[in-house]
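What follows is a short report on a single structure.
None of the figures in this text is laboratory data; all of them are computed from the coordinates on show. Keep in mind that this is a model prediction, so the values were computed, not measured. Don't worry about glycine lacking a Cβ; one is built from the backbone with ideal geometry, like all the others, and counts go over all protein chains shown.
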């Protein structure tokens, strides 16, 4: 029997079991299975972990590198714990935008306008402010007077009227937004930056995702396959955003009807582009209105639009998608960005 007044050891915290799985040592450590990943991340989102546990969990995953089963479980936990969209709200394309532009202007926004012009309903979600010196999509869209929503009801109205809408992550999954903002404390990207790109909260049939590192492409496709995603295209975009770099050959990775393949999108500009001093939206406005001629911006916009058309309409081959993107550009509404 313990002596009177003797302090008893605290009972083990329920989340400790998940940290132990990831950090038990070289011979005993393993990855979480899908169910464990879903349970662990649900606890994080509900605020049922201690700060020291959260940091340990995220960094153990970062060092180990997450698996497709873990990512699928994390995404399922987010979908179960986020503010769900109303029944019937849908989109043709899910466009994740979490990186922000650093080296070039956000030309991909012009690609989104082309898709919306063709009556493809494009839903964009993202976060901002977690990395200094970048222009984030929400800010860029506001500066261009493009639709940014504050809730799911506004998303529905904007998709119905304009075929595009951006909703900040904090508006539908604020705990996940909080995790993304931890980068200044951790000094590294965490698995949160990966899984957020696969949220697809409206369950759009088609999804377009960008990666920082080519090795992550197959991981994205495998996780999306586990989640039942019909079609996904993944590539290494400029600054981590969904934007084709016209001065580089781009390997495009694709998931369609459960099958994975890849193809090469050849560069359309010979010389490497010089980084801009600061990303801005005015060059987009000038190019769209025909007041400037920017080969980089035009080629980036058209190539990104063509890639998106291929995932929305899987019957299109690359040449057909490029031709359709060029037609959309030729017939664009010049008054759209006034």
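Key figures for this structure:
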item	result
Shape category assigned to the range 86-139 from the gyration tensor of Cα positions, a/c cut at 1.5	oblate
The range 16-81, relative contact order in percent, only Cα pairs under 8 angstrom and at least six apart counted	45 percent
Nearest 10 degrees, 0 to 90: helix 68-81 Cα axis against the chain principal axis	90 degrees
Value in Å of the Kirkwood radius, where the range 185-287 supplies the Cα pairs that are averaged	15.2 Å
For the range 195-338: relative contact order, % (alpha-carbon pairs under 8 angstrom, 6 or more apart)	19 percent
FRET efficiency, 1/(1 + (r/R0)^6) with R0 25 Å, evaluated for residue 188 and residue 30 via beta carbons	0.70
Distance (nanometres) between label positions extended 7 Å along Cα→Cβ at residue 262 and residue 142	3.8 nm
Radius of gyration and maximum dimension Dmax of the range 149-237, Cα, Å	14.4, 41
Global form of the range 16-81, assessed from the alpha-carbon gyration tensor, a/c cut-off 1.5	oblate
Normalised contact order of the chain, rounded percent, pairs of Cα under 8 Å and 6 or more residues apart	18 percent
Gained length - residue 151 relative to residue 84, 0.36 nm times residue gap less alpha-carbon distance	23.1 nm
